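Report on one structure; see the data block that follows.
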Amino acid sequence: MQPTEQKSGGQGKEAEKLPLSRPFSFWFSYAPNKAKLRREDYESEIKMLGSFSTVEDFWSYYQHMVRPDKLPVGCKFALFQEGIKPVWEDKENQGGGSYTLRTKKQYANKFWEDLLISYIGEQCDENDDICGLNLGVKQNEINISIWTRGLDEEGRDIIDDWIRKTLGFSDRIELEYRHHPRTNEEPHQQHKGGAPHHKRIERNDGGFKQKGEGEGRA
């Protein structure tokens with residue numbers, strides 16, 4: 001990334017900023033009782049915090065943000081390409097899907113930060129097709145999702161490899177890709193009727209591992 005020159009406050013001084021390859025936006029919502037939300041209510045809860053297009057402006061936002069493990073249950077936080085809203089009804093998300101990582105709260109901060117920095121730094125060869133990153137706070141864990149446009153098998157393999165490289169996951173960690181729900185479903189219907197229970201990612205002396213639903217709950 002090449003620095004750009006910007007004038008500083010009428011003093012004639014030049015401040016260098018490192019431009020990103022594309023602009024991004026931070027989003028936030030808080031819905032502790034998601035099960036009762038209608039789709040239109042769910043969308044109205046999501047607020048854009050701001051957009052940025054340089055490395056420095058990213059850090060000016062990020063350094064003031066509460067870290068994932070300190071957020072209350074029901075919070076959702078997202079970083080998406082500017083112009084894309086973190087709902088699956090957005091036209092850029094329709095026909096796409098996501099990888100979801102279930103993790104204990106003690107690992108979420110590093111996972112989230114590593115993915116954010118790698119994503120805005122264009123470290124994935126399929127970055128154009130990654131719509132954004134989404135984080136949701138549960139009672140005993142945090143879910144991190146990588147949202148994509150519609151992908152072929154090659155594209156999914158590339159993003160799978162990027163996630164593993166970024167987070168230091170071995171092939172023992174299962175990364176499952178799931179298509180977004182149909183746009184006529186309500187938000188609380190997304191995980192009903194045969195929807196997946198992703199295995200939670202934990203750590204032991206041999207590295208990261210996964211536990212199935214109901215195992216090793218904190």
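Structural remarks
- Calculated FRET efficiency, ASP152 to ARG172, Cβ-Cβ distance, R0 = 25 Å: about 0.50 to the nearest 0.05.
- Across LYS47/LYS110; LYS85/LYS138; LYS47/LYS104; LYS110/LYS138; LYS104/LYS138, pairs whose alpha-carbon gap is larger than 20 Å: LYS47/LYS110; LYS85/LYS138; LYS47/LYS104
- Simple spin-label estimate for ASN109 and SER53 gives 3.3 nm between the two label positions (7 Å along the Cα-to-Cβ direction from each Cα).
- Sorted ascending by nearby beta carbons within 10 Å, beginning with the fewest, CYS75, CYS131 become CYS75, CYS131.
- The 3J(HN,Hα) values that the Karplus relation (6.51, -1.76, 1.60; θ = phi - 60°) gives for segment 61-70 are, in residue order, 7, 5, 5, 9, 8, 5, 6, x, 6, 9 Hz. Gly and Pro appear as x.
- Projecting label points 7 angstrom from Cα along Cα→Cβ for LEU18 and ASP161 puts them 2.4 nm apart.
- In plain terms, the residue of ASP171, ASP69 with the fewest other Cβ atoms within 10 Å comes first and the most crowded comes last, giving ASP171, ASP69.
- Note, ³J(HN,Hα) from phi for segment 48-57, Karplus 6.51, -1.76, 1.60, rounded to Hz, x at Gly and Pro: 7, 7, x, 10, 8, 9, 10, 4, 5, 6
- For segment 122-138 versus segment 48-73, the inter-centroid distance based on Cα atoms is 15 Å.
- Backbone geometry of segment 147-155 corresponds, through the Karplus equation with coefficients 6.51, -1.76 and 1.60 at θ = phi - 60°, to 3J(HN,Hα) couplings of 8, 10, 6, x, 10, 8, 4, 5, x Hz, x marking Gly and Pro.
- Ranked by how many other Cβ atoms sit within 10 Å of their own Cβ, fewest first, the residues ARG182, ARG102, ARG22 fall in the order ARG182, ARG22, ARG102.
Coordinate-derived values only; no laboratory data. Computed from a prediction, not measured in an experiment: that's the story for all the values here. Every residue, glycine as well, gets a Cβ built from its backbone with ideal geometry; the counts of neighbours run over all protein chains shown.
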